[in-house]
1. Check every one of the strands (runs of 3 or more DSSP E) wholly within region 1-74 and list those with 1 or more residues that are at pLDDT below 95.
2. Tally up the residues in region 83-97 that are touching an Asp or Glu at 6+ places or on another chain (Cβ under 8 Å) and either more than 15 Å from GLY26 (Cα to Cα) or in contact (Cβ under 8 Å) with a residue 60 or more places away in the chain (or both), please.
3. Hey, ASP37 hits all of (1) out of contact with any Gly (no Cβ under 9 Å at 6 or more places or on another chain); (2) open to solvent by less than 60 Å² (accessible area, probe 1.4 Å) but one; which does it fall short on?
4. Before we move on, is THR70 closer than 19 Å to GLU19 by Cβ and either among the aliphatic types (A, V, I, L, M) or under 13 Å from the mean Cα position of the chain (by Cα) (or both)?
5. Return a yes/no flag: does region 75-83 have any residue that is modelled with pLDDT of 95 or more and either touching a Lys or Arg at 6+ places or on another chain (Cβ under 9 Å) or of a type in the set (Lys, Arg) (or both).
6. Residues to consider are THR81, THR20; find the one that is open to solvent by 80 Å² or more (accessible area, probe 1.4 Å) and among the hydroxyl-bearing types (Ser, Thr, Tyr).
Amino acid sequence: MQINQLPFGITTWDHIAPETHPGEQGFALWRTQRFGDIRVRMVEYSAGYLADHWCSKGHILLCLQGEMVTELDDGRTFTLTAGVSYQVADNAEAHRSSTTLGATLFIVD
């Protein structure tokens, strides 16, 4: 990732209106900022959330609270809890997320 021509700034995430994205089950609330080609999101997943698609986009993702299970298309699963992150490149390994209890994530892609 190359970050160019981005002056210092702060984001107060509570001031950004959330967008609702329904999953196969449950929903996700996205608060999104864009800085050139970089998308930064604070995402809250409802209890019982299951993504409605397999994602092939690269991300750097940090779990802030709750618990999120990420499943790869090869069958492996990884559980993220507060303070645990993952990173994956574009088109590297398709993945989808689910949560039983809900989770809040910080995502850069």
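The values are calculated or read from the model by the stated rules, or taken from the named source; none is laboratory data. As the structure is a computational prediction, the values presented were derived from the model and not from experiment. Positions of Cβ are backbone-derived with ideal geometry, glycine not excepted, and every protein chain shown enters the neighbour counts. The area values use the complete protein model at the heavy-atom level, side chains included, leaving out ligands, DNA and RNA. Shrake-Rupley method; radii C 1.70, N 1.55, O 1.52, S 1.80 Å.
1. Passing ranges, in order: 27-35, 38-45, 59-72.
2. Residues that pass the stated criteria total 3.
3. The failed condition is (2).
4. For THR70, the condition - closer than 19 Å to GLU19 by Cβ and either among the aliphatic types (A, V, I, L, M) or under 13 Å from the mean Cα position of the chain (by Cα) (or both) - is not met.
5. Among the residues of region 75-83, at least one is modelled with pLDDT of 95 or more and either touching a Lys or Arg at 6+ places or on another chain (Cβ under 9 Å) or of a type in the set (Lys, Arg) (or both), which makes the answer yes.
6. None of the other options fit; the residue is THR20.
Table: residues versus (1) surrounded by 13 or more Cβ atoms within 10 Å (Cβ to Cβ); (2) without any contact (Cβ under 8 Å) to a residue 12 or more places away in the chain; (3) not hydroxyl-bearing (Ser, Thr, Tyr).
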| position | (1), (2), (3) |
| --- | --- |
| ALA28 | yes, no, yes |
| SER46 | yes, no, no |
| HIS53 | no, no, yes |
| ILE60 | yes, no, yes |
| CYS63 | yes, no, yes |
